[in-house]
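Read the figures in this text as sums done on the coordinates, not as results from a lab. A quick note: this is a predicted structure, and the numbers were derived from the prediction, not measured. We place every Cβ from the backbone using ideal geometry, glycine too, and count neighbours over all the protein chains shown.
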Amino acid sequence: MTQRISLTQYLVEQQREHGHIPGQLRLLIEVVARACKRIAIAVNKGALGEVLGSAGSENVQGEVQKKLDIISNEVLIEANEWGGHLAAMASEEMDDIHVVPNRYPQGEYMLLFDPLDGSSNIDVNVSIGTIFSVLRKVSNHRGVSEEDFLQPGKQQAAAGYCVYGPQTTLVLTVGDGVAMFTLDRETGSWVLTTEQVQIPADTKEFAINMSNMRHWDAPVSRYIDECLAGKEGPRGKDFNMRWVASMVADVHRILTRGGVFLYPWDKREPNKPGKLRLMYEANPMAFLVEQAGGLATNGTQRIMDLQPTKLHERVSVILGSKHEVQRVTGYHLEKVAAASSQD
């Protein structure tokens, strides 16, 4: 019988053998994983737990909050604020940062999270998830401010997500590849089920919201048109489209079998660089995708090189199989170069 490796054993081995995980970071990841188990229980109860439907409030982005959005946010805060491993937290559901109260010891890490990604799918029983990102507090000043969080994604110490689907799966990177853990509901433990996840460089699947096609920029339209042309078109192969409207679910599929995910800038809100949040969604997912051999850009730049200017900054996202992301990014860069030559 194959030995089953728990999340704790995996983290201890990473710390002991490879030196990737300091003690505080290991504790932080374990606490986040325990919080995700609590969220999974609430999600699985659904209507039985009276957690479905709207909470009747809006978050800082002006989006209507679901009851489970608020519950998940509270679970993550309560689980993490007292352990001594964090200095502060930031959430997609909160206007400002949450500094660890003075009654608790303050650690050297900062946690960012989207407590429940894909909220529109909650009431229809489609996969949703929790996304998290870990940064080190690098400034020397006392206390914590929003500016401490404004670090490019390449400085992340760890990132991951938990997808609440037919199985509850935790996906994690500490900068040494990507590992997947499945929740064993009988024992309540996270069990390592996949190590060194690799995204195929080539794919025949793309994920994009086709209802927005009339608003797309020319490079995105060019790429999707080529995919839709199939074997008879310039790509010489048929593509399938997938779209779950839950970034966690779409990225999980890409990590599992390849594909490309696009949530691009479009003409509906031309002054906004994109829809997804850089700090809570794009950066942690970009870290995971790159660690699995894929790429993640905003169309012209590597996402993890972007310097954030505000906590809830938005960004265009193109990520997944290496060769497809390179192609879409190349189309964007061609447009930029053509515009520059005309100036």
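Annotations for the structure displayed:
- Rg/Rg_globular for the stretch 205-342, with Rg_globular taken as 2.2 N^0.38 Å and Rg from C-alpha atoms: 1.00
- Over all Cα atoms in the stretch 82-186, the spread is summed up by Rg and Dmax: 15.5, 47 Å.
- Within the stretch 81-177, the trypsin sites (Lys or Arg not before Pro) that combine a DSSP coil assignment with at most 12 other C-beta atoms in a 10 angstrom radius are Arg103, Arg142.
- Stokes-Einstein D (µm²/s) once Rh is taken as the Kirkwood radius of the stretch 7-194 over alpha-carbon pairs, at 20 °C in 1.002 mPa s: 126
- When each of Lys37/Lys310; Lys137/Lys310; Lys272/Lys310; Lys267/Lys335 is checked by Cα-Cα distance, pairs over 22 Å: Lys37/Lys310
- For the stretch 253-343, the list of trypsin sites (Lys or Arg not before Pro) that fall in a loop by DSSP and count at most 15 other C-beta atoms within 10 angstrom reads Lys267, Arg268, Lys310.
- The alpha-carbon of Lys237 sits under 21 angstrom from the alpha-carbons of these lysines, leaving out residues fewer than 8 places away in its chain: Lys204, Lys322.
- Note on the chain: Cα Rg divided by 2.2 N^0.38 Å, N the number of residues, gives 0.99.
- Taking the Cα centre of the chain as reference, the dipole from Cβ charges on Lys and Arg (+1) and Asp and Glu (-1) amounts to some 480 debye.
- Put a dot 7 Å past the Cα of Val12, heading toward its Cβ, do the same for Glu146, and the two dots end up 4.2 nm apart.
- If both residues of a DSSP beta bridge must be in the stretch 205-342, then about 75% of such bridges are antiparallel.
- Counting only Cα atoms, the size of the stretch 64-109 along its three principal axes is 34, 17, 16 Å, in decreasing order.
- Counting DSSP beta bridges with both ends in the chain, the antiparallel % (nearest 5): 85
- Within the stretch 171-249, the GluC sites (Glu not before Pro) that combine a DSSP coil assignment with at most 16 other C-beta atoms in a 10 angstrom radius are Glu186, Glu195.
- Based on Cα atoms of the stretch 151-238, Rg over Rh with Rh as the Kirkwood radius reads 1.12.
- Exposure proxy for Thr130, Thr194: other Cβ atoms within 10 Å of each Cβ, ordered fewest to most, give Thr194, Thr130.
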